1. Starting from the 7 Å offset along Cα-to-Cβ, what nm value, one decimal, do you get for the label separation of B:Glu557 and C:Gln323?
2. May I ask you to list the aspartates and glutamates whose Cα is less than 14 Å away from that of C:Lys231, ignoring any residue fewer than eight positions away on the same chain?
3. If you average the alpha carbon positions of the range B:354-396 and of the range B:78-96, how far apart do those two centres end up, in angstrom?
4. Calculate, for B:His23 and B:Leu443, the FRET efficiency according to 1/(1 + (r/R0)^6) with r their C-beta to C-beta distance and R0 51 Å; round to the nearest 0.05.
5. What order do you get for C:282-290, C:149-157 when each peptide is scored by the mean count of other beta carbon atoms within 10 Å, highest first?
6. Report, ordered by chain and residue number, the lysines lying within cross-link reach of A:Lys49, taken as a straight Cα distance under 26 Å and ignoring same-chain residues fewer than 8 apart.
7. If I ignore ligands, DNA and RNA and count only protein heavy atoms, how much of B:Ile482 is accessible to a 1.4 Å probe, in Å² to the nearest 10?
8. For a label point 7 angstrom out from the Cα of B:Phe485 toward its Cβ, which stretches of the range B:437-469 have the backbone nitrogen within less than 14 Å?
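The values are calculated or read from the model by the stated rules, or taken from the named source; none is laboratory data. As the structure is a prediction and not an experimental result, all values here were calculated from the model. All Cβ positions, glycine included, derive from the backbone under ideal geometry; neighbour counts span all protein chains shown. Protein only, heavy atoms only, side chains kept; ligands, DNA and RNA dropped before computing areas. Shrake-Rupley method; radii C 1.70, N 1.55, O 1.52, S 1.80 Å.
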Amino acid sequence: MSAVTSPVLDSSLEWKLPYRGKVGMACLIIAESAIFSIFVVAYLFYLGKSVTGPTPREVLETPIFFTICLLSSSLTIHLASKELENGHRKTFLVLWAITIALGALFLFGTAMEWHRLIFESGLTISTNLFGTTYYSLVGLHATHVTVGLVMLTLVLLFGLADRVGMEQSARIATLSMYWHFVDAVWVVVFTVVYIVGR
Amino acid sequence: MSSDAMAIPSATNAARPWVEVLHEWVTTVDHKRLGILYIVYALLFLVVGGVEATIIRIQLIRPHNDFVSPQVFNRMFTMHGTTMIFFVAMPVLFGFANYLVPLMIGARDMAFPRLNAFSFWLTALGGVLLYFSFLGGNGLYGAGNAPDVGWWAYAPLAAKAFSPGPSSEYWTISLLVSGFGSIGTAINLIATILCLRCPGMTLNRMPLLAWLNLVMSGMVLITITPLSAAQIMLLIDRYLGGHFFDTQAGGSAAIWMHFFWIFGHPEVYVLIIPCFAFMSEIIPVFSRKPIFGYPVMVGATVCIAFVSLSVWAHHMFTIGMNSYANSFFVITTMCVGIPTGIKIFNWLGTMWGGRISFKTPMLFSVAFLFQFLIAGLTGIMLSSAPFDWQLSLSYFVVAHFHYVIVGGILFALFAAFYYWYPKMTGRMLNETLGKLHFWLFLLGFHLTFDVMHIPGILGMPRRIYTYEPRPGWETLNWIVTIGAFIQGIAILVFVANLIYSYFKGPEAGNDPWDAWTLEWSVSSPPPNYNFASIPVVASRRPLWDLKHPEDPDSRYE
Amino acid sequence: MGRFDQIRKLPSKAPGIAVLLAGALLAASLCFGAPGDPSPLPSIFDPRSTPTKSIEHLSYFVLSVTGLIFAVVFTLLAYAVVKFRKRPGDDGREPAQVYGSTQIELAWTVIPILIVVVLFLATARVVHSIQDAPKPENAVEVVAVGHQFWWEFRYPQSGVVTANELHIPASEPAHPTPTFLTLLSADTDHSFWVPQLAGKTDLIPNRVNHTWMDPYETGIFLGQCAQYCGKQHAKMLLRVYVDSPEGFATWVHAQQQPAMLDANVAAGRRVFETTACINCHAIAGTVADGRFGPDLTHLMSRQTIASGAAENIRANLRLWIQQPDAIKPGSLMPAMQLSDADLDALVDYLQTLR
């Protein structure tokens, strides 16, 4: 026998299970959160324990503008996703492109900050515990932003080639989840590094 | 052209060119084939890890032995541990999960078949990379050879200062790579179980194997990742001049231990929970009764998953934490024993009042119950911190965890092999060889691991390539080594059975064990697409309902 | 590699049957070590100080509880396996399909919880009594520093510096003189384990740990490093000499003296002082003040060298300097590449350092 049927089958049985993309992405986010948590714990644990070198208070400047950029990109991607669900492809593409621009701006800001820290403040990953934990944590986040931007750009390219429509909105929503996650991580990293850590 | 997942060699099948068969296997995204690839891969490494264990045991058969040098010995125990955990236990359990979960929930495949294949090949690459270390280059004083820092790679021993050369990198990177493979499979299992169950199969009606693999996968997401994070930190220390574990720069050796054991303890539950799943499927069938207390079994497992996240520092009772911290981990560790014990009682309750038939799967299952009980009890001993101050880092602990891993996990795996091999290949494993395998392995296991507790009590620490001729140590070590050889022979019998039965075993048919879950409703081996039409279920034992229409489970659930 | 012909072995093992007998007696003697015996067997069930005695008592309690649990569950399992097995004359019907029982589940949840509470309380009591024991004024203080692959012992109260063989006084119950150790590490993780005297405590770099012991009677107690620390972890052995209070005072006094100066071995002393030896080793009263290796001021007051790996006799000393890999391959002692004449002179000198 290859079909197993129940003797008491309710033909009006509604069988709706979650979308596998969302579940998969949620799992990935959980796993990534665990990795970030370990780096945050290391950062907090080593606060004030550096034996030498510049302290956070001496060299860190709070990147308010670039943070606003990144957090706004969460808003724009959310709007983009909604527009696509309603079939407004052009608006979706514009908002999507703005999201990428904001994300790229954030990365640029990080690059500028690192340049200043390395060449003006003399803080590298090997300088002291602060340097090690700072660059690792912020760098891990920046890596995730980069990967996200690559994915978003791919979608932009497909969108420009007119391949992204309403039918893809579930996948776009899944990708947006990742982007929201990256932003949420930044909220945590920002708090830990620039507020608590100083 | 056969559309079977695995063609049984028979006269009616046209011979296909071997290149085609090879290509199919290498490019497959079918969960059944990937499952078998995982299992075969794990079996190969089981033999390799066993050889490493044998080398260790030969070296320790008498004091001041010189079978291998200390450098080689230290590589052996490092590689043995790393291999067995990451390239035997994890793959074989993921292999069984891969094969069985879609079938048991009435699905056609996993949620992400390509991710499935990718995860397998990542894991496979990890193993190859780890073993490349033997060949990769000796460097100065063998510094490039296989890793020799123990499978925990404690800092600062694993730091550049004390482990120059790339040997530690082989450990770190191979585990990072295979770790990502594990995370991929875990994501896949969760998505499959949550999104692809057949109509009628609510979470409350899902086979326990699916439930437990769901819990295990959830654990993997937050268990493997701390290790990955710690390994990235180690790489930063070793290559970018970081100071995470650099005690000269104010870094902490203890924080590596915390990060490692935050992975390491839940990891052992990751390994044992799928084995609980096997027991929960096999014991009912051979007792001819449903599992006793299904909701409690689910609840206990979820409980174990959560509590196990809070016990990690019982591996660190000796590092000098204060008495309050130590006491905290004492109570959490003892607590995790409660739901675990409940599970043992529930399996007993399943057997109670049943009609138990002692085919090979059940023999291994009963042995599992006996041995897992003992392992749990020695665990309770270790959870009592002062007692642990004597027992930890000694051969008592080595005996304890081998009792869990060999006496528990491996025995449960053997049961699973004998139970599901017919489904995977269409042939029954030989019962006589199976019983021989069982009794030989049981003898060897107890000879080795019962006796091994004693040298620990008599003061013998672990990870030593030789020992002083203290009274009793030599005889005890000698017995332990003999037991290892007997286990080796038993494994050979097992492998012979696997190969022989593939060609000569009696045909199994759909349902050789008169079982009740969906995988037994399809042919052995199942067709490529699993089910001609997706089943609809109304109870936890859909096949029981079909076989006993006068008394279906659906009436009572 | 690993040639131990020249190293005098510790008491040779008895042949065949005697070993079996010894094994049986051993099992019996695990709990009943006779006081005053030299103790070649570092068994955790032969405690000779307060912390290990408390651990022993706790462990008996834990063993009774777990033993009881084992007996009950095993009996049930064995009974089930026998009583509920399928008989040949079975009619092939399925047995009663029982899904569960709330009362039974409650019972076997509540009882384990109670057991855990009892075990925890008993355990926590001992944890506190050992870890939070106050240090009395007349405690002997020792600072133990773990190295790859040897033990450095310093006595801050008397300025003594020695290696590998720890001397402490016996502690009379009337006026106890326990020894409190501070545990440090110079490189990787180690663990101080002398089973009869104290539970093990790790030595971790950049961390200060503590342990204590108050041995009841004199004797020699064996142990070794328990935390894998590299190639020669296996031979980082420990010997604790518990002396009588007077014996201990004598020992301390002798150790406080600078090195013996014997004109007969001046040649050897010159070899020592002009070779790399002084980079790693210290000899009080000479120019040698290296701290990387063991202090050699009173080398000949120790029974073993290489942290217990070999007996301290001339042949072994000579071999250790010339070819350390023959005794302890992978240790950090370099082969000194001395001519035979120089080597003999050096060993002559070292043998005067009592």
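1. That separation, rounded to one decimal, is 7.4 nm.
2. Here the aspartates and glutamates satisfying the reach criterion relative to C:Lys231 are B:Asp148, C:Asp187, C:Asp189, C:Asp325.
3. 20 Å
4. After rounding, the FRET efficiency stands at 0.70.
5. Packing proxy ranking, top to bottom: C:149-157, C:282-290.
6. The qualifying lysines are B:Lys160.
7. Per-residue accessible area (B:Ile482): approximately 60 Å².
8. Inside the label zone: B:444, B:448.
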